[in-house]
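Accompanying notes for the structure given below.
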Amino acid sequence: FEGKNDLKVEGLKISGNAEHVYHNRVLHHGTLLFSSSLNVLGNTLRRDPSCYTSKAVVSNPSPVTNLNTVLPQFKDIFEFRSAMMDYFMNNIPETISYELTETETREVLGIADTRYRTWEWNWAYGPEYRFDNNFEFKGKPVSCRLYVSEGTIRDCILEGSSDLAKVAGKLIDRKHMVEDLMEVFKEENIKDAKNIVYNFF
């Protein structure tokens, strides 16, 4: 354990966790990096989070590593998982193994599909935020400001381009998602929409 709540091996982070408290319930999510593609991981992280203004808890970025590089005795994640289970079963009193019934498994998958895999759960349920960015469009500087609540753009201000200014009103009430903005840009015949859209995230 290092710092406030980091799990590290040789100074490199191997776990990320998030928690949400709702009334008298707690949902805690944790990960362990075993054999992840660190290049893909790095490319999915936002380089400059300063575009976003929000009350959300700020992430704690740190250099990371995979457990398989420091635990070469495990040929794959399944062997590692079995070793973890054996440890818990043998070292934590009153630990028991529980197998889900077919009925329980169906219920779990049903809840996953109707709640935890939905856009509302993963994107809309969160604090409102403001997004600010400056970029070039057709050689001219453009400033963009979005106000987002429940994952949906509530207001949009685009200045510096008459073409994009006309799009601003069309973005209101759209989900702040790449596909949704792309749809608007294509409808309005904004050229190079595939590259322009990422200036709004």
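Which count do you get for residues in region 144-194 that are without any contact (Cβ under 8 Å) to a residue 24 or more places away in the chain, more than 20 Å from Asn122 (Cβ to Cβ) and either open to solvent by less than 40 Å² (accessible area, probe 1.4 Å) or part of a helix (DSSP H, G or I) (or both)?
Within region 144-194, residues that are without any contact (Cβ under 8 Å) to a residue 24 or more places away in the chain, more than 20 Å from Asn122 (Cβ to Cβ) and either open to solvent by less than 40 Å² (accessible area, probe 1.4 Å) or part of a helix (DSSP H, G or I) (or both) number 15.
Of the residues Phe135, Phe74, only one is in contact with a helix residue (DSSP H, G or I) (Cβ under 6 Å, 6 or more places away or on another chain), over 19 Å from Phe201 (Cα atoms) and surrounded by 13 or more Cβ atoms within 10 Å (Cβ to Cβ); which?
The unique qualifying residue is Phe74.
Which fully enclosed helices (runs of 4 or more DSSP H) of region 35-120 have 1 or more residues being acidic (Asp, Glu) and closer than 28 Å to Lys8 by Cα?
Numbers: elements: 38-44, 67-70, 77-91, 102-111.
Ranges flagged: 77-91.
Within region 28-48, can one find any residue that is in contact (Cβ under 8 Å) with a residue 24 or more places away in the chain, within 30 Å of Ser149 (Cα to Cα) and basic (Lys, Arg)?
Taking every residue of region 28-48 in turn, none turns out to be in contact (Cβ under 8 Å) with a residue 24 or more places away in the chain, within 30 Å of Ser149 (Cα to Cα) and basic (Lys, Arg).
The rows are residues; the columns are (1) over 30 Å from Val21 (Cβ atoms); (2) at pLDDT below 90.
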residue: Thr114; (1), (2): no, no
residue: Glu120; (1), (2): no, no
residue: Trp123; (1), (2): no, yes
residue: Gly126; (1), (2): no, yes
residue: Phe135; (1), (2): yes, no
residue: Val142; (1), (2): yes, no
residue: Ser149; (1), (2): no, no
residue: Glu159; (1), (2): yes, no
residue: Ala168; (1), (2): yes, no
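The values are calculated or read from the model by the stated rules, or taken from the named source; none is laboratory data. What you see is a predicted model; the values in this text were computed from it and never measured. FYI the Cβ positions are ideal-geometry reconstructions off the backbone, even for glycines, and counts take in every protein chain you see. For accessibility, only protein heavy atoms count, side chains too; no ligands or nucleic acids. Shrake-Rupley method; radii C 1.70, N 1.55, O 1.52, S 1.80 Å.
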